[in-house]
Amino acid sequence: MLYIKCPHCGLRSQNEFAYGGDASVKRPELNKEISDQEWDEFVYLRKSPRGKHLELWHHVSGCRQWIKVLRDTSTHEIFNTYKSEEKVG
Amino acid sequence: MRQNYRLDKIGLVNREKKLSFKFNGKKYFGYEGDTLASALIANGVHLVGRSFKYHRPRGFFGAGVDEPYAIVQLYRNGETEPNVRATEQELFEGLEAKSVNCWPSVNFDIGAINNFLNIFLPAGFYYKTFMWPRSFWYRIYEPFIRKAAGFGVASKEHDKERYEHKYEYCDLLIAGSGPSGLASAYAAAKNGARVILAEDKPRFGGSLLTSDVSINNQSGKEWADNIITELKGMTNVTVKNRAQIFGYYDHNMLVMSERVTDHLPKSEQFTPKQRLWYIRAKQVVISSGSIERPIVFGNNDTPGVVLASAAKEYMKVYGVLVGKKPIVFTNNDSAYETAIEFKKNNINPIVLDSRQDSNSEIIKEAKSLGIDIKFSHVVVVAKGYKKVKSCDIAEISEDKQNLNQIKNIECDCICVSGFWTPTIHLASQSGGKTKFKEEIDAFVPDKSKQKEVTLGSANGVFTLEETLKTSFDKGFELSKEITNNNNSQQIPKVSEKKHSKHDKFWCVPLPKGKKYKRFLDFQNDVAVSDIELAIREGYRSIEHVKRYTTLGMATDQGKTSNLNGLQLVSNIENKVVPAVGHTTFRPPYTPISIGAIVGREIGKHSKPTRKSPMHNWHEKNNAVFVDAGVWLRPRYYKRGNEGLFEASKREAENVRKNVGVCDVTTLGKIDVKGPDAAEFLNRVYTNAWLKLPVGKARYGVMLREDGIVMDDGTTTRISENHYHMTTTTAQAANVLSHLEYYLQLVWPELDVNVVSTTEQWAGAAIAGPKSRDLLQKLFPDTDVSNEGLPFMGFVEANLFGVNARIFRISFSGELAYEVNVESDNGNFMWEKIIEIGKDFDLQPYGTEALSTLRIEMGHVAGSELDGRTIPYDTGLDGLVSKKKDFIGKRSLLKKAYNEKDRQRLVGVVPLDKKTSIPEGSHLVKDPKGKLPNPKLGHISASCWSVEHNNPFSLAILKDGKNMIGSKLYAMSPLKNKTIAVEIVSSHYVDPKGERVRS
Ligand SMILES: [Zn+2]
């Protein structure tokens, strides 16, 4: 079971969190013309990288904040965690 | 019966306390502190079971977790448990156990015929034989296997025992209380670290209990006892015996199974039988020790062939002799301790040592005691069926290929030692690599992946002096990193005998012309010949060889067999062992009971049960409840002999005719607050929200980004910047997460807060033509007229001194209101409604009547919003704004969503107006059509229409818009029904919606 450092609450076990997928996905702006392909990529297409992955986790049984977690998908090593508004770069 | 094999003056058992027990129905005695195994051996019982495949007689091989043979069925306090290792089960008064895998009895076992037909049962037997013909499987193979094979029987009764889970955190978790565990625990604890020390056995000390050493001029056991006593007295230390750390998971999470009361005749009330610990440790010390491995020889599975270390443990810990005419067969020095122990107890062992010579300290001692030592000698084959009676021994050539001067000597046990295998399971489970250490012919942990270190013999270090030194150092070093303290301990002075090198010898060759079975895996009956066959048949990967032959796949997971199997494969393949590699170590290290894994999450404890504040009233008034998610809701209120159908029909009719009240507390409720709340709702819902005035409610539909309907409900503007959103019961949690996602990640610029208020409000829906009259009596000071409180209106009111909210919304399609009060006042509200409602023929109604009312009205719910439908499909397309953007809107442009014959919600009535249509039925054109018969749609919900007094269903039908009036068939192969139906409008009652506005 992963041990995830919520930037708001501290280290908590995985069972307090829900996984939220790739954190680098950006929703297209409202009211913007957008091609079918761009929209499909946003809705459906996700990479499944082996290695470093910036992902979203929701601290559902804690502070209810969505956070970003930089995790290695093959070793489960967590390099860092960020608040939702923090720029990761 | 006398304990003929019990020694008088040795052992740690409590001779003051005699315990009686039964094995296979026969009564025996043992002592407190015995295991079932030691007590049976003390009574001369060596036959405990039969092997899995050939049903060969099985005795005892080890004295602990590595035991492959002595698996019994245990009976305790009216319950039974299979797969119990007799070497681990502590004796208690009244214990009962039986042999397994034998029928009709352990002494006469029909399955043993396999032993003589074994030509038919080679490696891969199951794969080869049982594949064909297929028809044989159920009739012949499976019944045969079930009867003749398998270990023990699971109880069919409910397990009355209690199992618990516990979460714990520590600085250092130490797995194993042998010398390295004790030393590192002591050093770390003295340096201020929070330590958990776990020992699998009842007694602490590991090898110190039986080894001939001295530490600071005390015996190993005395030193261990003193350390444990001191550790137990420290507040920063938790010491647990009977506790097995069986799994190493991510981020230094380890799981430990504590057998709290398995050693007692029964568990005290509220005391668990077992407790599962989830431990998050900053550092882990793996001090799990090592397991002796056997040397392979002919018929080496005969009862009476035991590990030399186990024979020593039975003497020194339990005061029990495994035999009185022992042969000690070894390739190393450690088995001499066993021989010396026999001698000290006036038993004369013969030592066969595969080495040509050795002159180490311990061998000198053995010689000086007059022990008969034969170098360059091996056991060729054990003789005897149910117990060793003699064995053939031989001189072995220097190259270990040839046997000379084979002769038979009498013996009643063979204590075998093929050197030591470090227990690296935990280190390997953590993700760390392993490496093969030539000097010990075994794998040891290499680079660790997580925060762990392996010490002592688990790391291939077999001298006490080095073990204690490295363990004291590591305990101090690791604790210093965590506590920043600097209190180091003096490393104690050790005296031990130096050992000489072991012999790289693990398998005795067969004499010419002999075909003795030489076993590697004793529980699964995998012999040398099976591995040879598998390799001849082309299996190369050790993982494949394992699965094909079942080597190491039994309940002991090959603790004594895996390494010899690897040696064999590497010999045949002419590879070195590390090139063959080992199979993956997976948790659990030893079998863990299902009860411990499940813990307290059984029956009603498996999920929380949520009840509305009015639950007690429902119960008292004959409500029959139904699970709605985690909520319990009244399904109907039973009167007299009514069943579900009659009661729900009566309740629904009364709503249409008079007035009814329904508990709607379970609906999800979310407060949406902030200056940008209207803008936010406008983006979340498909319809327009910017112009909703204060004091008004609106029905809304929200989509996922892929255009599928996520949820629906009404949201009311309570004040300028405050909205009260309702969701369906099932989607409440998902909707809140969904809103938080958009507010926190997508549109953080919106100044809005959301919070769940589901628990804060109790709700009652009052529906029916008389509902306004009832409401007026409940709220005499509030204007509830059609003008004062119009459809979709909202007003705050006073219910006999209690604050209430009245929403004029309707799910039933009747004139209806929903009254909310704070949860604490829920029951007060409910009783007032019931009391005053009497004058209006009010009846409470449950979820079944609620469904009936909404179905015949054509209102969609979860069965239509099933995660596969877009607004058009469910007739909600009128609520989709063309002007503004919202979540999921772009997806609605998809071609498939705009096909002309797109599926759509319709009503369905059986032509005979009598036959109810099962939910889930498929709609087809031709009931006798060729399979696969094209499916045009499916029935999503069915009811008995109280308005029309005939069955009515809703369906999602292809081209539903143009199908009104057509005739189809509803088919349910499950219920074996084919019903001729007519497609009608989904609005079966009040299609113009006049009642809700009346
Ligand atoms: Zn948090």
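Just so you know, all these numbers are worked out from the coordinates, no wet-lab data involved. Everything numeric here is computed off the predicted structure, so don't read it as measured data. Ideal geometry is used to build each Cβ from the backbone, glycine not excepted, and the neighbour counts take in all protein chains shown.
Classify the protein assembly as shown as rounded, prolate or oblate from the Cα gyration tensor: take a ≥ b ≥ c as the square roots of its eigenvalues, call it rounded if a/c is under 1.5, otherwise prolate when a/b beats b/c and oblate if not.
In terms of gyration-tensor shape, prolate.
Find which of B:GLN489, B:VAL453, B:PHE522 sits farthest along the positive direction of the dipole of segment B:444-560, computed with +1 on the beta-carbon of Lys and Arg, -1 on that of Asp and Glu, about the Cα centre.
The listed residue farthest towards the positive side: B:PHE522.
Averaged over peptide A:61-71, how many Cβ atoms belonging to another chain are found within 10 Å of each residue's Cβ?
Partner Cβ neighbours, averaged per residue: 2.
Dipole of chain B, Cα-centred, from +1 at each Lys and Arg C-beta and -1 at each Asp and Glu C-beta, to the nearest 20 debye?
For this selection, approximately 2560 debye.
What is the packing order of peptides B:21-30, B:902-911, B:500-509, taking the mean over residues of other C-beta atoms within 10 Å and listing the highest first?
B:902-911, B:500-509, B:21-30
If you take the square roots of the eigenvalues of the alpha-carbon gyration tensor of segment B:690-838 and sort them as a ≥ b ≥ c, do you get rounded (a/c under 1.5), prolate (a/b over b/c) or oblate?
prolate
Once the Cα gyration tensor of segment B:504-602 is found, what semi-axes does its equivalent ellipsoid get, as square roots of 5 times the eigenvalues, in whole Å, sorted largest first?
Output for segment B:504-602: semi-axes of 30, 15, 12 Å.
Go through B:LYS607/B:LYS657; A:LYS26/B:LYS282; B:LYS312/B:LYS387; B:LYS958/B:LYS992 and tell me which ones have a Cα-Cα distance over 28 Å in this structure.
Correct reply: B:LYS607/B:LYS657; A:LYS26/B:LYS282.
Taking 0.36 nm per residue of separation and subtracting the Cα-Cα distance, what length does fully extending B:GLU438 through B:SER998 add?
Here the segment from B:GLU438 to B:SER998 would lengthen by 192.4 nm.
Please compute the average number of Cβ atoms from other chains found within 10 Å of each residue's Cβ in peptide B:738-746.
So the per-residue partner count for this stretch is 5.
Bins of 20 Å, beginning at zero and ending with the bin holding the largest distance: percent of Cα pairs per bin for chain B, please.
Bin by bin from 0 Å, the calculated values are 12, 31, 23, 23, 10, 1.
Net charge near B:ARG904, counting Lys/Arg +1 and Asp/Glu -1 over other residues with Cβ under 12 Å of its Cβ?
Once positives and negatives cancel, what remains is -2.
Could you tell me which of rounded, prolate or oblate describes segment B:859-998, using a ≥ b ≥ c as the square roots of the eigenvalues of the alpha-carbon gyration tensor, with rounded for a/c under 1.5 and, failing that, prolate when a/b is larger than b/c and oblate otherwise?
Oblate, because a/c is 1.5 or more while a/b does not exceed b/c.
What does the charge add up to near A:CYS9, with Lys and Arg as +1, Asp and Glu as -1, over the other residues with Cβ less than 14 Å from its Cβ?
It works out to a net charge of +3.
Looking at segment B:890-992, which GluC sites (Glu not before Pro) are in a loop (DSSP not H, G, I, E or B) and have at most 14 other Cβ atoms within 10 Å?
Answer by residue number: B:GLU899.
Name the most mobile residue of A:ASP36, A:ASP22, A:ASP72, meaning the one with the largest mean-square fluctuation, in a Gaussian network model of chain A with Cα contacts below 10 Å.
A:ASP36
For the pairs B:LYS400/B:LYS501; B:LYS316/B:LYS493; B:LYS9/B:LYS325; A:LYS5/B:LYS437; B:LYS26/B:LYS266, flag any whose C-alpha to C-alpha distance is greater than 27 Å.
Going by Cα-Cα distance, A:LYS5/B:LYS437 fall outside the 27 Å limit.
Determine the percent antiparallel among the DSSP beta bridges restricted to chain B, to the nearest 5.
So the antiparallel bridges in chain B amount to around 75 percent.
Along the charge dipole of the protein assembly as shown, which of B:ALA86, A:TYR44, B:TYR548 sits closest to the positive end, that is, farthest toward it, with unit charges on the beta carbon of Lys, Arg, Asp and Glu (+1, +1, -1, -1)?
Farthest towards the positive pole: B:TYR548.
How charged is the neighbourhood of B:ILE424? Take every other residue with its Cβ under 12 Å from the Cβ of B:ILE424, and add Lys/Arg as +1 and Asp/Glu as -1.
+2
Quick one: compute the contact order of chain B, relative version, from alpha carbon pairs under 8 angstrom and 6+ residues apart, as a percent.
9
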